[in-house]
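Step one of this worksheet: look at the structure below.
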Amino acid sequence: MSPKALYDGGVTLEQLYGNMYEGGLIFYLNTADGTGMVAATEDQSTEAEWGCYGIDIMGIDNVPWNSSVPEGSGVEIGNGAVNTNAILMECTEDGIAAKLCRDLGVEWFLPSINELNLMYTNLHAKESGGFAADFYWSSTENFGDSAWDKYFGGGGQGNGLSKDDDYHVRAARAF
């Protein structure tokens, strides 16, 4: 049964989040159209670079710090897959965050910062998903030398982490 059918049948979002569906843990459901997202069941790496240090990725808008509320293209729900495609078009380094996610299959991607925020809120904060209390990369770029991250040790986020630093990676996929 699909998450939308379960929701329409009376199962709450709180009850849906963290359940297995299509190879991952549900962390987002659009209740209007039934689309949603799952997170991989484990980290793809505990020490991966974002990659492409010094390269401003074409196709991803730079998202500067703005009172800790990221807005615009590249940050929203549904932007992770597009960001990942753009990163992989320009960044061919092995072992980078976006490639580790894509290695799970063409439908897997490095989540945008707001997708990662939902993983934190709807999975980790409810002790689901086995996330580390550490930094996780998002696919949202800040500038050519830095990208956005989420700190799963307390919920903060930032955009000043150097793309050549090593952090955790958790893939997402849409359904």
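Values quoted throughout were computed directly from the atomic coordinates according to the rules given, and no laboratory measurement underlies them. Keep in mind that this is a model prediction, so the values were computed, not measured. All Cβ positions, glycine included, derive from the backbone under ideal geometry; neighbour counts span all protein chains shown.
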Need the list of lysines near K4 for cross-linking: C-alpha distance under 27 angstrom, and skip anything on the same chain fewer than eight residues off. K126
Run the dipole for region 3-174 about the Cα centre, Lys and Arg Cβ at +1, Asp and Glu Cβ at -1, nothing else charged, and hand back the magnitude in debye, nearest 20. 500
Determine the gain in length on full extension of the stretch Y151-E71; use 0.36 nm per residue of separation and subtract their C-alpha separation, reporting nm with one decimal. 27.0 nm
For F143 and N30, calculate 0.36 nm times their separation in residues minus their Cα-Cα distance, and state this gained length in nm to one decimal. 37.6 nm
Please give the Cα centre distance for region 3-36 versus region 115-175, rounded to the nearest Å. 21
Only four residue types carry charge here, +1 at the Cβ of Lys and Arg and -1 at the Cβ of Asp and Glu. Report the dipole size of region 11-108 about the Cα centre in Debye, rounded to the nearest 20. 160
Could you name the lysines in cross-link range of K163, using Cα to Cα under 19 Å and dropping any fewer than eight places away on the same chain? K99, K150
Compute the acute angle (0 to 90°) between the alpha-carbon long axis of helix 113-122 and the principal axis of greatest extent of the alpha-carbon atoms of the chain; round to the nearest 10°. 40
S45: net charge of surrounding residues, Cβ under 11 Å, Lys/Arg +1, Asp/Glu -1, itself excluded? -4
Test of the criteria: in region 92-147, which GluC sites (Glu not before Pro) are in a DSSP loop and have at most 16 other Cβ atoms within 10 angstrom of their Cβ? E93, E107, E127
So for region 3-174, taking the charge dipole from beta-carbon charges (+1 Lys/Arg, -1 Asp/Glu), which of Y21, H124, Q157 sits furthest toward the positive end? Y21
Based on the mean of other beta carbon atoms within 10 Å per residue, what is the order of 160-170, 51-61, 9-19, most packed first? 160-170, 51-61, 9-19
Please give the helix 80-90 orientation as an angle from the longest Cα principal axis of the chain, in degrees from 0 to 90, rounded to the nearest 10. 30
How high is the relative contact order of region 3-174, given as a whole-number percent (alpha carbon pairs under 8 Å, six or more residues apart)? 30
